[in-house]
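In what follows, a structure is listed as structure tokens, so that the remarks can point back to it.
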Ligand SMILES: Nc1ncnc2c1ncn2[C@@H]1O[C@H](COP(=O)(O)OP(=O)(O)OP(=O)(O)O)[C@@H](O)[C@H]1O
Ligand SMILES: [Mg+2]
């Protein structure tokens, strides 16, 4: 391993890249296009029902179920039953992407029947006033209806179901765009080295460039490390552009910390080596492209790139957990959104170990010269 | 003198095809060896085995005392290679290419001087993809020299070059020899072999069919020297019956093969006594080209044609 040779090769890589203006333009503009496209399509929001997380502590009593059914019928909210620890209900809301939540207390039906006043607790996010207003309107409207129908001992009686002013939800609310940023950074960590390394592996062989390099003291691992270094640099640039565009165009909330750095290094490391390995085992450029696609496409969609894995059906979630990119993106989620250091460390560890193994395999199987 | 390259019983097969078929030769260190043969004869296959780029099927090969396949990494520090169809990074200039190779090898050549040496000084800052075929070839040669090699392998370095460019490559090869380096050169051009090589090996269908200095090859495989008269056919018939040799009669030309120099006197006095008028005479001896055409097949503007299927 000789840093002088790695650096010399890196210079050639960077020059070749910078002298290809079309490629350069697209690799800088592409991250912005991705963010703008997905950000606009999916975070449009505003219209339609607001997703409302409901925790029913009254154990699905008929009254509470009827209440929720009525709520759902308003079309103002879309009720989803959740089962978070009550103590952390309000902070779980944000972490799971809800901006409104409703807690139905235990004894709801009993109190309603006895006409003992009972409080519903509504949590909203002041930053999303539209959703908050819509949810508040729906919940108090249905509560009024129930109160009118409550059996009063003649004349008027005090409203039984009360909806006190809503509380602020207890954690930062993550919107689609917030998830999208780590997802799309992961997307480019995967795709840009994979596609180009698979291509390079076959075209350099065809053009005899590997043969040429094999006649110099440059070793296979030096050559691979020089490519990795370049993709690490590119990844930093891409990540900066994506974060900038996400925050600038869509007001995303992501934490920008040094904790992100390990992912921006081990991620490209893994996928440069994996691309090389895929290009190496293939005998022809066509099969190289095919193998590259077979590896890349499932990861491109199932690792939490465009949608959070927690929203997948459970079968697909299992699949996601065997895809290396999942750990890259999940780790960046932990760092950029949830500040969950333990899980972030676990994720980066998984990726680093994989990267070392794949690197060793790529160096082992990749041949400069024709062996047959 | 010691051997820079030694090849014994070398075989390389591709399926049923023996691309190289039990060849042997030795290249003395400091000499120029020209490996001549038509397309598909096995030149590149042999060359790449010597460079450690291909594995041999059978036989012994030593370059600078090393086994090129097993000790390739050590060997590559000491040899320079310009492959047939040399390709390089498209967006990189010759000057940057030389600097790149120099840092890989840890040597310190002056890029401009090296490029001037191969007559590419004026293109030192042009990107590879804008160079002409000949200029690319010259860059390949310059790159092969960045590590100050003891042995240079040049696989058809002049194919496709214009006459002036070809001459400048020849000059580089002569300089390499003067500097005491060994040169292994493959070529289609006989002229090149005759001008540059100390030793020539002719390969045909994977076998070496002639080897030695150009003179030795002509002596061993050429026809006898001949006296050629500009004379009517009658002289031919006369000589045929009087000398008993295989006189050839062409249109206005009579060719008489000579066994020895003394033979010439005998023939001339026979001509004199025939009383038939003749205009003049020349002597004719086979060139390497004549030998070639007889052994391998017709040529195409000084270059060898393709191998005819065996
Ligand atoms: N990788 C390979 N697989 C199969 N056959 C091969 C391979 N390489 C060379 N050959 C065959 O071996 C024979 C010798 O090829 P080689 O390239 O050595 O010829 P050459 O003398 O260099 O010809 P040219 O003057 O055209 O460069 C040819 O018949 C060729 O088709
Ligand atoms: Mg060849």
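For every residue, the table says whether it meets (1) within 14 Å of chain B (Cβ to nearest Cβ); (2) crowded, with 19+ Cβ neighbours inside 10 Å; (3) closer than 30 Å to residue B:99 by Cβ.
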residue: A:2; (1), (2), (3): yes, no, yes
residue: A:38; (1), (2), (3): no, yes, no
residue: A:53; (1), (2), (3): no, yes, no
residue: A:68; (1), (2), (3): no, yes, no
residue: A:74; (1), (2), (3): no, no, no
Within region A:4-22, identify whether any single residue is more than 14 Å from chain B (Cβ to nearest Cβ) and either surrounded by 13 or more Cβ atoms within 10 Å (Cβ to Cβ) or touching a helix residue (DSSP H, G or I) at 6+ places or on another chain (Cβ under 7 Å) (or both), and answer yes or no. no
Those residues of region B:170-191 which are surrounded by fewer than 23 Cβ atoms within 10 Å (Cβ to Cβ), in a helix (DSSP H, G or I) and either at pLDDT below 90 or on the phi > 0 side of the Ramachandran plot (or both), in sequence order: B:191
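Of A:163, A:173, A:232, which residue is surrounded by 16 or more Cβ atoms within 10 Å (Cβ to Cβ), in contact with a helix residue (DSSP H, G or I) (Cβ under 7 Å, 6 or more places away or on another chain) and modelled with pLDDT of 85 or more? Steps first, answer last, please.
Values: A:163 fails: modelled with pLDDT of 85 or more; A:173 fails: modelled with pLDDT of 85 or more.
Among A:163, A:173, A:232, only A:232 is surrounded by 16 or more Cβ atoms within 10 Å (Cβ to Cβ), in contact with a helix residue (DSSP H, G or I) (Cβ under 7 Å, 6 or more places away or on another chain) and modelled with pLDDT of 85 or more.
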Look at residue B:78 and say whether it is surrounded by fewer than 19 Cβ atoms within 10 Å (Cβ to Cβ), under 30 Å from residue B:9 (Cα atoms), touching a strand residue (DSSP E or B) at 6+ places or on another chain (Cβ under 6 Å) and in contact (Cβ under 8 Å) with a residue 40 or more places away in the chain. no
Kindly indicate whether any position in region B:137-149 is in a helix (DSSP H, G or I) and without any contact (Cβ under 8 Å) to a residue 40 or more places away in the chain. yes
Which pairs turn up if I take residues in region B:36-47 that are within 14 Å of chain A (Cβ to nearest Cβ) and look for partners that are more than 8 Å from ligand 2 (Cβ to nearest atom) with beta carbon separation below 6 Å, at least 6 apart in sequence or on another chain? B:45/B:12; B:45/B:19; B:45/B:20; B:47/B:153
Among (1) without any contact (Cβ under 8 Å) to a residue 60 or more places away in the chain; (2) over 15 Å from residue A:218 (Cα atoms); (3) within 12 Å of chain A (Cβ to nearest Cβ), there is one condition residue B:100 misses while meeting the rest; what is its number? (2)
With respect to residue A:62, is the statement that it is modelled with pLDDT of 85 or more and within 14 Å of chain B (Cβ to nearest Cβ) true? no
Answer yes if at least one residue in region A:330-339 is at negative phi and surrounded by fewer than 18 Cβ atoms within 10 Å (Cβ to Cβ), and no otherwise. yes
Among (1) within 13 Å of chain A (Cβ to nearest Cβ); (2) outside any loop (DSSP other than H, G, I, E, B); (3) touching a helix residue (DSSP H, G or I) at 6+ places or on another chain (Cβ under 7 Å); (4) surrounded by fewer than 22 Cβ atoms within 10 Å (Cβ to Cβ), which single condition is residue B:125 missing? (2)
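Out of the residues in region B:11-39 that are part of a loop (DSSP other than H, G, I, E, B) and crowded, with 17+ Cβ neighbours inside 10 Å, state the one that is farthest from ligand 1 (Cβ to nearest atom).
In the first step, residues of region B:11-39 are kept if they are part of a loop (DSSP other than H, G, I, E, B); the result is B:15-16, B:29-31, B:37-39.
Checking the rest, the ones that are also crowded, with 17+ Cβ neighbours inside 10 Å come to B:30-31, B:37-38.
Details: B:30: 25, B:31: 21, B:37: 5, B:38: 7 Å.
Step by step, filter region B:11-39, then rank; the result is B:30.
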Conditions: (1) exposed (fewer than 15 other Cβ atoms within 10 Å of the Cβ); (2) touching a residue at least 12 places away in the same chain (Cβ under 8 Å). Residue A:320 meets all but one. Number of the miss? (1)
Which residue is farthest from the other protein chains (Cβ to nearest Cβ), if the candidates are limited to region B:53-70 and must be touching a residue at least 24 places away in the same chain (Cβ under 8 Å) and more than 16 Å from ligand 1 (Cβ to nearest atom)? B:60
Could you give every pair whose Cβ atoms fall below 7 Å, whose first residue belongs to region B:1-27 and is under 16 Å from residue B:62 (Cα atoms) and within 14 Å of chain A (Cβ to nearest Cβ), and whose second residue is in a strand (DSSP E or B) and within 15 Å of ligand 1 (Cβ to nearest atom), counting only separations of at least 6 or pairs across chains? B:12/B:19; B:12/B:20
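Conditions (1) farther than 24 Å from residue B:45 by Cα; (2) part of a helix (DSSP H, G or I), marked per residue:
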position	(1), (2)
B:112	yes, yes
B:119	yes, no
B:129	yes, yes
B:164	yes, yes
B:210	no, no
Count, please, the residues in region A:340-372 that happen to be modelled with pLDDT of 90 or more, surrounded by fewer than 20 Cβ atoms within 10 Å (Cβ to Cβ) and closer than 27 Å to residue A:246 by Cα. 2
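A quick yes/no check of all residues on (1) modelled with pLDDT under 90; (2) on the phi > 0 side of the Ramachandran plot; (3) buried (at least 23 other Cβ atoms within 10 Å of the Cβ); (4) part of a helix (DSSP H, G or I):
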| site | (1), (2), (3), (4) |
| --- | --- |
| A:154 | yes, yes, no, no |
| A:159 | yes, no, no, no |
| A:185 | no, no, yes, yes |
| A:192 | yes, no, no, yes |
| A:221 | no, no, no, yes |
| A:224 | no, no, no, yes |
Can you confirm whether residue B:114 is crowded, with 21+ Cβ neighbours inside 10 Å and either facing chain A (nearest Cβ under 9 Å) or modelled with pLDDT of 95 or more (or both)? no
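Evaluate the following for residue A:205: is it under 28 Å from the mean Cα position of the chain (by Cα) and within 14 Å of chain B (Cβ to nearest Cβ)?
no
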It is to be established whether one or more residues within region A:27-34 are within 21 Å of residue A:230 (Cβ to Cβ), more than 12 Å from chain B (Cβ to nearest Cβ) and free of Cβ contacts under 8 Å to residues at least 60 places away in the same chain. yes
Candidates B:50, B:131, B:120, filtered to the one that is in contact with a strand residue (DSSP E or B) (Cβ under 8 Å, 6 or more places away or on another chain) and either more than 16 Å from ligand 2 (Cβ to nearest atom) or in contact (Cβ under 8 Å) with a residue 24 or more places away in the chain (or both): B:50
Could you check how many residues of region B:71-95 are more than 7 Å from chain A (Cβ to nearest Cβ) and not in a loop (DSSP other than H, G, I, E, B)? 9
Quick check, is residue B:206 assigned by TED's automatic domain parsing to the domain that holds residue B:8, on the phi > 0 side of the Ramachandran plot and in contact with a strand residue (DSSP E or B) (Cβ under 6 Å, 6 or more places away or on another chain)? yes
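The values are calculated or read from the model by the stated rules, or taken from the named source; none is laboratory data. Since the model is a prediction, treat every value here as computed from it, not as a measurement. Glycine gets a Cβ as well: all are built from the backbone with ideal geometry, and neighbour counts include every protein chain shown.
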